[in-house]
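Got a structure for you, questions after.
The values are calculated or read from the model by the stated rules, or taken from the named source; none is laboratory data. For clarity, every value in this text was computed on a predicted model and none was experimentally measured. Ideal geometry is used to build each Cβ from the backbone, glycine not excepted, and the neighbour counts take in all protein chains shown. Only protein heavy atoms, including side chains, enter the accessible area calculation; ligands, DNA and RNA are left aside. Shrake-Rupley method; radii C 1.70, N 1.55, O 1.52, S 1.80 Å.
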Amino acid sequence: MTDDKDVLRDVWFGRIPTCFTLYQDEITEREAEPYYLLLPRISYLTLVTDKVKKHFQKVMRQEDVTEIWFEYEGTPLKWHFPIGLLFDLHASNTALPWNITVHFKNFPEKDLLHCTSKDVIEAHFMACVKEADALKHKSQVINEMQKKDHKQLWMGLQNDKFDQFWAINRKLMEYPPEDSGFRYIPFRIYQVTTERPFIQKLFRPVATNGQLNTLGDLLKEVYPAAITPEDGEKKNQVMVHGIEPMLETPVQWLSEHMSYPDNFLHISIIPQPTD
């Protein structure tokens, strides 16, 4: 992979200032103060909120504490989506800190998956990494790794260790020198304006004429409504990690440098703010 290590570091160390507040109908023995935290964009809510849970449990009776879940302005937040994706989709044009509401009752079964332990998060994360490698290398790289390598990927993410993670993840980002990129690009496109969780299709990083495909080419093929017509006004923002990459950016470069730790490019299509 081309070595833009600064980009990898910037992506890894991206943080979102967040204020957690207990839902007003939760029963407490004394007033619950808000809890502030810098959330890592690349991680998962249920992986980095142990302190939040402990903070609010202190003011609650033990029998009132069941599975924790989070909500933003009425929308339950899917823990299996990376934090940065959740923010880009639901809150990217709001003032910071991000205000998240904490619940311990009335788990929204229809909207959220249960997350009973860190093992559940690890299983979800590794399933995504394996799916991504099936697209990139027909699973050859991930299958050649030992179990301890898989564990190192997970522990690197869980413990926020950039070098530990990338020592292994680097192998998943390589491709043979005779190729110009991966077999297919692992990506998912999300919108808040639809019931469909995401769009995912097979897309090659190199066109049949040998040219590198760009983010614009990907959108034209998979979700043309996201692209602003030449004579029209901009209706959507196309976001990855809180920024709008230029549509001329090769998707191979984006996949190597702007994927989340699960090895997917998570692309948010959000309505252009009207102010």
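Residues in the range 241-274 near a label at D231, defined as backbone nitrogen under 18 Å from the 7 Å Cα→Cβ point?
Answer for the range 241-274: none.
In angstroms, what radius of gyration and Dmax does the range 87-171 have, counting Cα atoms only?
Radius of gyration, then largest Cα-Cα span, for the range 87-171: 16.7, 45 Å.
Set Lys and Arg Cβ to +1 and Asp and Glu Cβ to -1, take the dipole of the chain about its Cα centre, and tell me which of F187, T46, T94 lies farthest positive.
T46
Would you please give the residues with an amide H less than 5 Å from that of L22, counting only those at least 5 places away or on a separate chain, with H modeled from the backbone geometry?
V102
If you don't mind, another one. If r is the Cβ-Cβ distance from Q24 to T274 and R0 is 30 Å, what FRET efficiency results, to the nearest 0.05?
Details: r = 30 Å, r/R0 = 1.00.
Step by step, r from the Cβ atoms, then E = 0.50.
Note the full-extension length gain between A127 and V65 as 0.36 nm times their separation in residues minus their Cα-Cα distance, in nm to one decimal.
Full-extension gain reported as 19.3 nm.
Once the convex hull of the C-alpha atoms of the range 17-140 is built, how many Å³ does it hold per residue, rounded to a whole number?
118
I need the peptides 169-180, 214-225 ranked by packing, meaning the mean over residues of other C-beta atoms within 10 angstrom, with the highest value on top.
Final packing ranking: 214-225, 169-180.
Please report the Cα spread of the range 186-275 along all three principal axes, rounded to whole Å, starting with the longest.
The principal-axis extents, from largest down, are 39, 32, 22 Å.
Taking only the alpha-carbon positions of the range 124-275 and ignoring solvent, what does the Debye formula give for the base-10 log of I(q)/I(0) at q = 0.13 Å⁻¹?
Debye intensities relative to I(0), on a log10 scale: -0.63.
On to the next question. Give me the tail of P(r) for the range 146-236 as a percent: Cα-Cα pairs with distance above 22 Å.
The share of Cα pairs beyond 22 Å in the range 146-236 comes to 53 percent.
Continuing with the same structure: Could you give the accessible area per residue of the chain, probe 1.4 Å, as a whole number in Å²?
Working: 14120 Å² over 275 residues.
It amounts to 51 Å² per residue over the chain.
For the chain, what class follows from the C-alpha gyration tensor (a ≥ b ≥ c being the square roots of its eigenvalues): rounded when a/c is under 1.5, otherwise prolate if a/b is larger than b/c, else oblate? Write down the numbers at each step before the final one.
Numbers: a/c = 2.24, a/b = 1.44, b/c = 1.55.
In terms of gyration-tensor shape, oblate.
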